[in-house]
Amino acid sequence: MLLMAGGGIATAIGFVFFLSSLGAFVTPGSPSTLIPSTQGGPSVFSSGNSSESTFALASTQTLKKFSSMEELQKFLEQSIVTRERLAMAIQESGTFYGAGGFQLLEGAPSGAGALSSAPSASTPQADKSAVPASGDLGYSTTNVQVANVDEPDFLKNDGKYVYILSGDKVTILDAYPAQNASIIMKAGIDIPQGQTLQNMFLNKDRLVIFYQDYSQDYVISQYDYVPQPVYSPKTHIIVMDVSDKQDPKIMHDFKISGNYNNARMIGNYAYVVTNSDLYDYRNPIVPYVMESSRLVARPDIYYFDNPEQSYSFTTVTSVNILGHATDNSTIVSKSFLMDPSSTIYASENSLYITYQKYMPYDYYQSSSKDKFFNVILPLFPKSIQNEVKAINNDDTLSPSQKWDKTSSLLEDYYNHLPESEKTQLFDKIGNALADYDAKIQKETQKTVIHKIAIGKNGTIDYLSKGEVPGRLLNQFSMDENGSKFRLATTSEYFSQYRNYRYNNVYVLDQNLKTIGSLEQIAPDEQIYSARFMEDRLYLVTFRQVDPFFVIDLSTDQPRVLGKLKLPGFSNYLHPYDQTHIIGIGRETNENQFGGVQQEGIKVALFDVSDVENPVAIDTYTIGGTGTDSEVLYDHKALLFDKGKNILSLPITIAQYGEPVPLPAEGDKALSDSANASSGGGSSTAPDIMPPRPFPNFWRGFYVLGIDPQHGFTLKGTVEHFKSSSDSNGFYPQYGIQGSRSFYIGSVFYTVSINGMIKMNSLEQIDHEINSIDLGVSGGVIIYEKPQS
């Protein structure tokens, strides 16, 4: 058995010699001809035969632009050959890199909610209010990450009118005054069956609406003449004029290649990020922007000269929402050949596109070779080391001859070892390889950041690229402050004998070069939420308890100023003022097996005036195990306004065999145990409904008031649904995406997925003024397509 094991190791060792023989190579090129689609949409490449210019496998990270379609195809053809040769080498060697080999583990942390967490703007944004044109009322807007950088949502309001997307329809309500509120218009947009309108911007009298379309294109394959159907995703950008609320007009319906990733609006420009697959590396479908049958833009395509593990097009498009229908200056679009973009961050001047880094093409080649010479070989006697090196340096031998000699040498050495020494040697090699694997994974698990300048006139200019170790939780793990860019990441990697997990904070300069770092924060835990505020970072990690960290960013070198540990965790952090932070997450308890059991929704108020000793002033817990809130994974579901003293949370409570907790207004219970552990109080919603024999279900909004001296007080609840003797289930209306709350003047509005909008008094939450069923019917908005 030991001899067989030794042979297996020898085979794996031999594999590195085969890989190293590949080296850098040049792929014979072939001229490419752009064949236009029969539908005026995408184009594909058809290759011929040639041996012209090729691309070297360099690693300078320099941004370059393809000057022709032929260059793009040759670049991709070389990547195909690289992949095929490495695959052949792995297959011929019989080596399999599976779960025990080099696996770069990626993805969001379980339980944290990978979709969202805490906003990380430099200044508080949730209490931002606006004043309508009349100057009479204040009103709340979408809870965004950065001031003056709007984020799309399915509900928008302008202090008078409310716009809601549901399914394929747009609903416009005259919402104020609430007593006379009514639906002005509900109309459908002609989109493919099964698709829904996703979200939108509102800017004066313009709506910018996004939806996904998986339409069919026709392309001509290589050496063929018959167009073949290809189903590819398109992102639609509908610009709608709503100056006439009863008769809105669709001004534009732009169609961009690829899946919708995200968007931001700055001034009169919407910036949209889309991802599109190549579909065929030899005949790639290149990005385009269409309006009806008119080609609006064919984006320039940029690339970096070090290959990625896989390729797709990330396209950034700016849209002037006030542009004319036939004016091509309305659209600016550029594409970048890279791994698919994931999380974005935007300031008023820059767009940051990030993704998790994949292993490079030569990963197994360089890693295997390094492992052999730097890890395995030093564990053998010097005489064996010298003989192996001499064989490898003999240029008269082919790779297979080198391996034959090396294999014979190693097997002869193994066979002459006593069994005990063989076992010791294999143990040493196994331990050394496990440590090496962990080191390599640490170095290769990185987040890539691309910085793009966005101008006042919709210009898009690439600036720089950077990398930091670890993975991001979401967009709120990033922040721009002046010329600096800050990130919080979690590093997680594995060896044969233990797992590694810890957290980091990095400071990058304007060129995305790392100039400061703080690593290995909270070992064995992961980031659950973050909030950047000027020269502070408030960070929550979790495993068994909730460490709340205060981190100083006043210099380029981050440092921990103080921390506080509490049961539970916060998925979302929001500033109350400069010295108080609100945390929203879950309460937890230790179960009978020593693990952590998640309980109800917990709202906490932290006092950070003494940064070295943060204190939890109060916590308020809603419901139990079956309680949820959209705020945990969607920051736009939160309404907070310090001036109005209102914190509104959508809440869903599902409990079996227990009463649903519905507190009376003003109910507040303090927990001595919480006071003792955190320096503050704890408020819990009491049960006041009688028990029922069947599952209880409640959906609505909890509205809290906040006193920085004493904590939380329940101002009231707004119920949108509850189970009853004749209603044992909950059926949301088709197309309503979630729950939102906002205010206009003195009226508190709530919208839930049951398709109901309710209007209550902001001063007396339990007092309902009006309610409207949004319904499902409606007409159709006509789009007058521009001339080709």
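The values are calculated or read from the model by the stated rules, or taken from the named source; none is laboratory data. In this text, all values refer to a predicted model and were calculated from it rather than measured experimentally. Glycine gets a Cβ as well: all are built from the backbone with ideal geometry, and neighbour counts include every protein chain shown.
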message: Which condition from (1) farther than 29 Å from residue 601 by Cβ; (2) more than 18 Å from the chain's Cα centre (by Cα) is the one that residue 480 breaks?
response: (2)
query: In this structure, does residue 604 turn out to be over 29 Å from the mean Cα position of the chain (by Cα), surrounded by 24 or more Cβ atoms within 10 Å (Cβ to Cβ) and under 28 Å from residue 475 (Cβ atoms)?
result: no
message: Just to be sure I understand the filter: pairs with C-beta atoms under 6 Å, separated by 6 or more residues or on different chains, first member in segment 649-661 and in the same structural domain as residue 717 (by TED's automatic domain parsing) and surrounded by fewer than 21 Cβ atoms within 10 Å (Cβ to Cβ), second member modelled with pLDDT of 60 or more and aromatic (Phe, Trp, Tyr). Which pairs pass?
response: 654/697
- prompt: So residue 326 fits all but one of (1) farther than 25 Å from residue 206 by Cα; (2) modelled with pLDDT under 90; what number is the exception?
  reply: (1)
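Do we have residue 765 as crowded, with 21+ Cβ neighbours inside 10 Å and either modelled with pLDDT of 95 or more or outside any strand (DSSP E or B) (or both) here? Before the answer, list the steps.
Numbers: crowded, with 21+ Cβ neighbours inside 10 Å: yes; either modelled with pLDDT of 95 or more or outside any strand (DSSP E or B) (or both): yes.
Against the criterion (crowded, with 21+ Cβ neighbours inside 10 Å and either modelled with pLDDT of 95 or more or outside any strand (DSSP E or B) (or both)), residue 765 qualifies.
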task: Only residues that are under 47 Å from the mean Cα position of the chain (by Cα) and small (Gly, Ala, Ser): list them for segment 382-437, please.
output: 400, 430, 432, 434
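Please determine whether any residue of segment 448-466 is part of a helix (DSSP H, G or I), surrounded by fewer than 19 Cβ atoms within 10 Å (Cβ to Cβ) and out of contact with any Lys or Arg (no Cβ under 9 Å at 6 or more places or on another chain). Show your work before the answer.
So the first thing to find is which residues in segment 448-466 are part of a helix (DSSP H, G or I), and the list is none.
No; the residues of segment 448-466 include none that is part of a helix (DSSP H, G or I), surrounded by fewer than 19 Cβ atoms within 10 Å (Cβ to Cβ) and out of contact with any Lys or Arg (no Cβ under 9 Å at 6 or more places or on another chain).
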- prompt: Looking only at residues in segment 285-313 that are part of a loop (DSSP other than H, G, I, E, B) and small (Gly, Ala, Ser), which one is surrounded by the most Cβ atoms within 10 Å (Cβ to Cβ)?
  reply: 292
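If I filter segment 388-410 down to residues being of a type in the set (D, E, K, R) and over 24 Å from residue 436 (Cα atoms), which single residue comes out as surrounded by the fewest Cβ atoms within 10 Å (Cβ to Cβ)? Spell out the reasoning first.
Keep residues of segment 388-410 that are of a type in the set (D, E, K, R), which gives 389, 394-395, 402, 404-405.
Right, trim to over 24 Å from residue 436 (Cα atoms) and you get 394-395, 402, 404-405.
Values: 394: 11, 395: 6, 402: 20, 404: 14, 405: 17.
Residue satisfying both the conditions and the ranking: 395.
Taking the conditions exactly as written (surrounded by fewer than 21 Cβ atoms within 10 Å (Cβ to Cβ) and among the basic types (Lys, Arg)), does residue 282 satisfy them or not? Can you show your working first?
Values: surrounded by fewer than 21 Cβ atoms within 10 Å (Cβ to Cβ): yes; among the basic types (Lys, Arg): yes.
For residue 282, the condition - surrounded by fewer than 21 Cβ atoms within 10 Å (Cβ to Cβ) and among the basic types (Lys, Arg) - is met.
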- prompt: Just a yes or no: is a residue in segment 424-437 free of Cβ contacts under 8 Å to residues at least 40 places away in the same chain, outside any strand (DSSP E or B) and farther than 28 Å from residue 368 by Cα?
  reply: no
- request: Give me the pairs, please: first residue somewhere in segment 240-257 and in contact (Cβ under 8 Å) with a residue 24 or more places away in the chain, second residue anywhere and surrounded by 15 or more Cβ atoms within 10 Å (Cβ to Cβ) and basic (Lys, Arg), beta-carbon distance under 9 Å, and either six or more positions apart or on two chains.
  value: 240/206; 241/206; 242/206; 243/206; 251/206; 255/234; 256/234; 257/234
statement: Counting only strands (runs of 3 or more DSSP E) entirely within segment 492-571, those with at least 1 residues that are of a type in the set (Asp, Glu) and modelled with pLDDT of 95 or more are 514-521, 545-552
- line: All-but-one check, residue 557 against (1) under 26 Å from residue 577 (Cα atoms); (2) free of Cβ contacts under 8 Å to residues at least 40 places away in the same chain, failing number (2)
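Which one of these is closer than 26 Å to residue 353 by Cβ and surrounded by fewer than 19 Cβ atoms within 10 Å (Cβ to Cβ): 589, 481?
Working: 589 fails: closer than 26 Å to residue 353 by Cβ.
Result: 481 is the single residue among 589, 481 that is closer than 26 Å to residue 353 by Cβ and surrounded by fewer than 19 Cβ atoms within 10 Å (Cβ to Cβ).
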task: Tell me, yes or no, whether segment 259-270 has at least one residue that is part of a loop (DSSP other than H, G, I, E, B) and not hydroxyl-bearing (Ser, Thr, Tyr).
output: yes
- prompt: Within the set of pairs 6+ apart or on separate chains, which have a first residue in segment 701-713 that is outside the structural domain of residue 621 (by TED's automatic domain parsing) and free of Cβ contacts under 8 Å to residues at least 40 places away in the same chain, a second that is of a type in the set (A, V, I, L, M, F, W, C) and not in a loop (DSSP other than H, G, I, E, B), and C-beta atoms under 7 Å apart?
  reply: none
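I'm trying to understand the selection: among the residues of segment 414-423, which are surrounded by 15 or more Cβ atoms within 10 Å (Cβ to Cβ) and either without any contact (Cβ under 8 Å) to a residue 40 or more places away in the chain or not aromatic (Phe, Trp, Tyr) (or both)?
Within segment 414-423, the subset surrounded by 15 or more Cβ atoms within 10 Å (Cβ to Cβ) is 414, 422.
The one that is surrounded by 15 or more Cβ atoms within 10 Å (Cβ to Cβ) and either without any contact (Cβ under 8 Å) to a residue 40 or more places away in the chain or not aromatic (Phe, Trp, Tyr) (or both): 422.
Has segment 461-478 got any residue that is without any contact (Cβ under 8 Å) to a residue 12 or more places away in the chain and within 23 Å of residue 336 (Cβ to Cβ)? Explain how you work it out, then say what you get.
Applying the first criterion (without any contact (Cβ under 8 Å) to a residue 12 or more places away in the chain) to segment 461-478 yields 461.
With within 23 Å of residue 336 (Cβ to Cβ) added as a condition, the list becomes 461.
Among the residues of segment 461-478, at least one is without any contact (Cβ under 8 Å) to a residue 12 or more places away in the chain and within 23 Å of residue 336 (Cβ to Cβ), which makes the answer yes.
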message: Anything in segment 153-173 that is among the aromatic types (Phe, Trp, Tyr) and in a strand (DSSP E or B)? List them, or say none.
response: 161, 163
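Are any residues in segment 202-231 part of a loop (DSSP other than H, G, I, E, B) and either among the hydrophobic types (A, V, I, L, M, F, W, C) or under 25 Å from the mean Cα position of the chain (by Cα) (or both), and if so, which ones? Reasoning before the result, please.
Going residue by residue through segment 202-231, those that are part of a loop (DSSP other than H, G, I, E, B) are 204-205, 221-226.
Once the filter is applied, which keeps residues that are part of a loop (DSSP other than H, G, I, E, B) and either among the hydrophobic types (A, V, I, L, M, F, W, C) or under 25 Å from the mean Cα position of the chain (by Cα) (or both), segment 202-231 yields only 226.
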Single match in 287, 299 (criterion: touching a Pro at 6+ places or on another chain (Cβ under 9 Å), without any contact (Cβ under 8 Å) to a residue 40 or more places away in the chain and closer than 20 Å to residue 64 by Cβ): 299
